[in-house]
Amino acid sequence: MKTIGKVCLGAAAGLALAGCSQGFSAAERETIRSGGEGIMRVLTVDDRSDSLTLRRKSAPMVEGMERADDYETLRRRMLATVQDPENTGVGIAAPQVGILRRMIAVQRFDKPGEPFEIYLNPKIVEYSAETAPGREGCLSIPDRSGEVKRAQRITLRYRDEQFAERLERISGFTAVIFQHEIDHLDGILYTDRMERELRQEE
């Protein structure tokens with residue numbers, strides 16, 4: 001998602017379909033390993049096949065996957081992609097890199113050093129009544145941005161990188177990033193939120 005420069009970096013080195021319940025599927029592994037160790041190709045709505053993938057709902061991460069070599073490779077490449085100096089972002093979701101799994105990376109502007117952190121199976125269990133509009137963009141929707149109204153505080157349930165369950169309350173811009181990235185896991189783009197607001201105002 002975006003509010004400072006380019007946001008929501010996503011990339012894909014192929015279209016991996018989420019399916020295998022015991023770990024990454026063969027197609028997912030191929031995508032994770034494709035292109036070496038560097039950044040991954042961004043799926044965009046400008047490509048029909050990419051667009052269809054971005055609209056799909058992602059499958060959960062399964063316990064044990066976080067210990068696999070493929071997970072570490074995916075983690076490393078997602079972080080490299082979102083921090084690419086040519087296209088710096090503040091968050092990225094696995095579907096944007098062609099992996100339909102519920103995994104995101106978010107820059108924590110609410111923590112010292114503003115680190116990027118990985119979240120598995122994130123779910124927002126509570127939204128504040130207080131909302132505010134903000135400018136968003138996404139590398140999956142090149143050269144566009146728009147205003148979206150988001151909750152200013154959320155309660156987030158997720159699995160950490162040891163697959164332990166966590167519950168956290170998050171506010172401000174970081175909460176907005178989480179909402180944007182978790183939308184990706186359900187095949188929702190920020191432009192959908194804009195359109196809903198426009199319909200409500202009519």
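Reducing segment 87-128 and segment 31-70 to their Cα centroids gives an inter-centroid distance of 14 Å. The charge dipole of segment 107-181, taken about its Cα centre with unit charges on the Cβ of Lys, Arg, Asp and Glu (plus for the first two, minus for the last two), comes to roughly 180 debye.
Average accessible surface for segment 26-201: 48 Å² per residue, computed with a 1.4 Å probe over protein heavy atoms with every protein chain in place.
Taking one quarter of the surface of the convex hull spanned by the alpha-carbon atoms of the chain gives a direction-averaged projected area of 10.9 nm². Applied to segment 119-129, the Karplus parametrisation 6.51 cos²θ - 1.76 cosθ + 1.60 on θ = phi - 60° returns per-residue 3J(HN,Hα) values of 10, 10, 6, x, 9, 7, 9, 7, 10, 6, 5 Hz, with x for Gly and Pro. Across segment 58-64, rounded Karplus estimates of 3J(HN,Hα) from the backbone phi angles (6.51 cos²θ - 1.76 cosθ + 1.60, θ = phi - 60°) give 8, 7, x, 6, 9, 4, x Hz, Gly and Pro being marked x. Report in % the part of the accessible area of segment 26-201 that belongs to carbon and sulfur, leaving out ligands and nucleic acids; probe 1.4 Å. Carbon with sulfur: 44 percent of the solvent-accessible area. Kirkwood's formula applied to the C-alpha pairs of segment 32-95 gives a hydrodynamic radius of 13.1 angstrom.
The values are calculated or read from the model by the stated rules, or taken from the named source; none is laboratory data. All values derive from a computational prediction rather than experimental measurement. Because the Cβ atoms are built from the backbone with ideal geometry, glycine has one as well, and the counts that use them run over all protein chains shown. Ligands, DNA and RNA are excluded from the accessible area calculation, which covers all protein heavy atoms including side chains. Shrake-Rupley method; radii C 1.70, N 1.55, O 1.52, S 1.80 Å.
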